[in-house]
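Participant: Pasting in a structure now, in structure tokens, and then I'll have a few things to ask.
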Amino acid sequence: MAFEHLVKAVEDGGLDHYDVPGLLKFITDFERVQNLAELVHQRVVADCDRRQVADQLNARNTRTLLAGLLRISEREAGRRVRAATAVGDRVNLQGALIGATRPALAAAQRAGEVNPEQVAIIERALDQVDRPGYDPAEIAAAEQTLTGYAADFGPRDLRRIAAKLVEVLDPDGTLPAEELAQDRRHLYLTANRDGTYTLTGRLTGCVGAALQAVLSPLAKPHIPVDDDGTPVTGDGPRDPRTGGQRLHDALDDACARLLRAVGYRLRVAHRPPSS
């Protein structure tokens with residue numbers, strides 16, 4: 001491979017003929033190549049999600065899959081997944097490309113002008129304010145501003161600039177917390193091409209607590225029982241489902257109970273009067 005030839009050339013003293021300006025140019029050019037390598041990581045993440053590889057291997061999600069497969073921390077795996085979501089190409093339900101969530105940042109990365117650490121800083125900062133209740137035009141302008149600063153500032157200074165920009169955009173200081181939570185509430189249920197659905201959103205404290213109270217008892221691991229109903233103890237079989245799968249099944253159970261209850265009430269409401 002070409003990269004392996006480069007490694008061998010460098011190890012064999014290939015940098016010795018450079019003067020200082022030439023060596024510095026090699027360093028910056030090679031850094032650009034490393035920045036471009038992130039595009040490969042993003043495609044890997046997108047393909048794993050599209051093919052539902054984590055589900056096939058009984059992994060909790062793509063982040064967990066990558067952490068185990070590549071022997072990296074879940075934090076690093078999560079960074080790659082978040083970056084792919086923010087600056088990777090997206091595909092709509094018809095299979096057409098619709099561009100990245102952060103187009104300015106994506107363009108800078110494709111040019112090799114921003115490194116993975118800078119992408120993570122900008123993505124996390126914008127994620128704090130890119131929600132219902134904020135002006136999309138201001139978010140786009142903030143993305144352009146931070147991407148421009150990334151060309152001149154390292155992670156430490158860029159993080160400070162991003163924090164100040166978030167302070168300007170975030171209305172937490174002027175809106176009461178309860179009003180802000182109401183303003184940011186949202187829930188999306190998106191149909192996928194394979195017949196599954198993707199659920200995303202932000203719940204208010206009351207709705208979140210109520211949903212947790214409903215689902216938590218239903219999401220407990222199943223405990224095997226004997227024919228007489230006695231729980232089996234010891235080293236017997238355990239519930240093979242992951243925590244996420246149990247929560248999904250708990251929602252399924254809750255919906256089924258609700259539909260049965262609503263169906264019963266409708267039947268009662270439409271029951272003809274007795275003669």
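Participant: When the range 11-56 is examined, which residues are found to be under 22 Å from ALA151 (Cα atoms) and charged (D, E, K, R)?
Facilitator: Answer for the range 11-56, where residues must be under 22 Å from ALA151 (Cα atoms) and charged (D, E, K, R): LYS25, ASP29, GLU31, ARG32, GLU38.
Participant: Condition first: aliphatic (A, V, I, L, M), modelled with pLDDT under 90 and farther than 20 Å from GLN34 by Cα. Can you find one or more residues in the range 67-84 that meet it?
Facilitator: no
Participant: Say whether the condition of being assigned to a helix (DSSP H, G or I) and either of a type in the set (Asp, Glu) or at pLDDT 90 or above (or both) is met by at least one residue in the range 183-202.
Facilitator: Looking through the range 183-202, at least one residue is assigned to a helix (DSSP H, G or I) and either of a type in the set (Asp, Glu) or at pLDDT 90 or above (or both).
Participant: Given the conditions (1) surrounded by 15 or more Cβ atoms within 10 Å (Cβ to Cβ); (2) over 22 Å from VAL45 (Cβ atoms), and given that LYS164 satisfies all but one, which numbered condition is not satisfied?
Facilitator: Single failed check for LYS164: (1).
Participant: Outside any loop (DSSP other than H, G, I, E, B) and either of a type in the set (A, V, I, L, M) or modelled with pLDDT under 90 (or both): does that describe LEU175?
Facilitator: no
Participant: Right, next: Tally time: how many residues in the range 237-256 are surrounded by 12 or more Cβ atoms within 10 Å (Cβ to Cβ) and modelled with pLDDT of 85 or more?
Facilitator: Result for the range 237-256: 12.
The values are calculated or read from the model by the stated rules, or taken from the named source; none is laboratory data. Quantities reported herein were computed from a predicted structural model and do not represent experimental measurements. FYI the Cβ positions are ideal-geometry reconstructions off the backbone, even for glycines, and counts take in every protein chain you see.
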